[in-house]
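Working notes, beginning with the structure itself.
The values are calculated or read from the model by the stated rules, or taken from the named source; none is laboratory data. Since this is a predicted model, take the numbers as computed values, not measurements. FYI the Cβ positions are ideal-geometry reconstructions off the backbone, even for glycines, and counts take in every protein chain you see.
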Amino acid sequence: MIRSAALGLAAAVLAGEAAQAVPLRVMALDQCADQYVLALAPDADLALSPRADDPDSWMRHEAAGRRRVRPTLEAAVGVRPQVVVRYWGGDPRLLEALKQRGARVVTIEDAVDLYGVRANIRTVAQGLGQVERGRRLIAQMDARLDKVKPPSRPAPQAVYLTAGGFTAGPGTLVDAMLRAAGFRNQTTPPGFGAVSVERIALGSPMRFVLGFFDQVRADWRGPGRHPVVRRVAQGRTAARLPAAVLTCPAWFAADGVAMIAGGRKDSGS
């Protein structure tokens with residue numbers, strides 16, 4: 001009887017260990033979610049979005065060889081995810097169907113500052129059962145920010161401009177990145193807005209921080225690529241932020257801050 005009990009206990013332990021060895025099934029519904037799950041749960045059974053390895057994906061190299069599926073209910077039925085991570089992906093019907101099938105849906109919020117980015121990391125890390133990895137990712141982000149030296153004189157002004165002719169004012173993550181890099185944002189209206197070629201030519205920004213210009217086929221006739229704008233920006237461009245830094249409110253915003261700070265023309269940079 002004692003031997004039977006011991007065998008039963010051993011079987012239960014082995015079954016528990018086997019259950020723990022089965023990787024967590026995780027589905028990312030969009031490109032931003034791809035970044036988070038690749039960073040926080042690389043050893044999980046991941047189903048990434050079709051754009052996981054696109055040029056504007058920060059973790060595109062880590063996505064190589066990983067399974068990619070479309071964010072549809074049919075795909076989800078095949079994946080049987082235990083956790084679903086999303087930023088904007090997935091319509092309400094899909095999300096509700098996933099919840100009814102027992103999946104935990106974790107949403108990345110549209111952060112407007114670096115505190116919001118940290119909150120996103122904590123939220124996704126907790127949802128994936130990777131709290132410690134989340135802490136380490138935040139520590140890496142903060143260490144990157146700590147290396148940015150403050151300006152030695154009054155902060156210079158800069159304007160953010162995309163190839164499509166958009167800028168960013170207060171209440172955006174880009175604004176927070178500019179300030180963290182030691183610049184004052186020359187754009188004062190809140191949120192994102194269009195900016196004309198005439199306004200740029202007449203406004204004569206002190207510095208430009210250009211975004212999405214690495215996407216050579218995107219907005220190739222946009223105001224940001226106008227010859228007049230190109231002449232105005234000549235010698236005044238502090239940084240050219242790749243699309244991969246800008247498409248998701250994530251920890252690599254700190255890398256963007258470092259890029260911007262590198263273009264400050266003062267003795268403290």
>> Any residue at all in region 134-145 that's surrounded by 15 or more Cβ atoms within 10 Å (Cβ to Cβ) and under 26 Å from ALA76 (Cβ atoms)?
In response: yes
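State yes or no: is PRO92 at pLDDT 95 or above and farther than 26 Å from ARG136 by Cβ?
no
Quick grid of which residues meet (1) touching a Pro at 6+ places or on another chain (Cβ under 7 Å); (2) of a type in the set (S, T, N, Q):
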| position | (1), (2) |
| --- | --- |
| ASP43 | yes, no |
| SER49 | yes, yes |
| ASP53 | no, no |
| TRP58 | no, no |
| VAL69 | no, no |
| LEU95 | no, no |
| GLY102 | no, no |
| GLN126 | no, yes |
> Is there any pair with a first residue in region 239-250 that is over 15 Å from VAL159 (Cβ atoms) and a second that is part of a helix (DSSP H, G or I) and of a type in the set (Ser, Thr, Tyr) whose Cβ atoms are under 7 Å apart and which are 6 or more apart or on different chains, and what are they?
Replying inline: ALA250/TYR36
>> Could you check region 48-73 and list, in sequence order, the residues that are in a strand (DSSP E or B) and surrounded by fewer than 19 Cβ atoms within 10 Å (Cβ to Cβ)?
In response: ARG67, ARG68
> Has region 102-110 got at least one residue that is of a type in the set (Lys, Arg), in a helix (DSSP H, G or I) and not assigned by TED's automatic domain parsing to the domain that holds LEU246?
Replying inline: no
>> Can you confirm whether GLY129 is outside the structural domain of TYR36 (by TED's automatic domain parsing) and over 21 Å from ASP255 (Cβ atoms)?
In response: no
> How many residues are of a type outside the set (A, V, I, L, M, F, W, C), closer than 17 Å to ARG199 by Cα and in contact with a helix residue (DSSP H, G or I) (Cβ under 6 Å, 6 or more places away or on another chain) if we restrict to region 221-263?
Replying inline: 2
